[in-house]
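Undergrad: Pasting a structure below so you can have a look.
Values quoted throughout were computed directly from the atomic coordinates according to the rules given, and no laboratory measurement underlies them. Model, not experiment: these values are computed from the prediction. Backbone-built Cβ (ideal geometry, glycine too); neighbour counts: all protein chains shown.
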Amino acid sequence: MQKIERSRWGKDHWTTFAYLCQCVIDHGGILDADKMRTDRDIHPVEYSAKRHQSMLIEGARYPTRLNDGESIVGHDDWSCVKDFIEDGLVTRIFLENHKLDRFELTDEGWLLWFEFQMHIANNRAWSTTFEQKGIVKWGDLL
């Protein structure tokens, strides 16, 4: 699956990014597979990590929605995470003896997260379009 550019990300990318960030903050970077849209054909390991049969959201039935209204079949929440990694926002830490790995935000990922939170707060709603303006700098956070 090819990388989807950040400029095309829609609600599925942004909600997955927000969820990943909250997991980094609250759960040591471990994602709960039950909360992820997972296509068992493209992410079988992540699919097998699901614990509750009632939570088996089949990612293949729910394609990723982009900000222009296009839907990408064969692209689930784990594919969104891969887009974050390829965009330099997230790193994946491989853990032995765990079904799922741990994720960390890069410096660029933290800056995007801070700016995205400001966007949500100022607009009082999730948006399918968000463009980072670079208004948050590391010096502002120290």
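Undergrad: Evaluate the distance, in nm, between pseudo-label points positioned 7 Å from the Cα of Ser7 and of Glu70 along their respective Cα→Cβ axes.
TA: Roughly 1.2 nm, to one decimal.
Undergrad: Between Gly10 and residues 5 or more places away or on another chain, which pairs have amide H atoms under 5 Å apart, with H built 1.01 Å from N, and which residues are they?
TA: For Gly10, whose amide H was placed from the backbone, the distant partners under 5 Å are Asn67.
Undergrad: Are there chymotrypsin sites (Phe, Trp or Tyr not before Pro) in region 65-104 that DSSP puts in a loop and that have at most 10 other Cβ atoms within 10 Å, and which ones?
TA: Hits after loop and neighbour filter: Phe94.
Undergrad: Would you mind checking which residues have amide H under 5 Å from Arg37's amide H? H placed 1.01 Å from N; only 5 or more apart, or other chain.
TA: Excluding prolines and chain starts, which carry no amide H, the hits are Asp77.
Undergrad: Can you classify region 1-54 as rounded, prolate or oblate using the Cα gyration tensor, where a ≥ b ≥ c are the square roots of its eigenvalues, rounded means a/c under 1.5, and otherwise it's prolate if a/b beats b/c and oblate if not? The partial results should precede the final answer.
TA: Numbers: a/c = 2.14, a/b = 1.18, b/c = 1.81.
Since a/c reaches 1.5 but b/c is at least a/b, the shape of region 1-54 is classed as oblate.
Undergrad: Stretched out fully, how many nm does the piece from Ile120 to Asp101 gain, at 0.36 nm a residue minus the Cα gap?
TA: That pair, Ile120 and Asp101, stretches by 4.0 nm at full extension.
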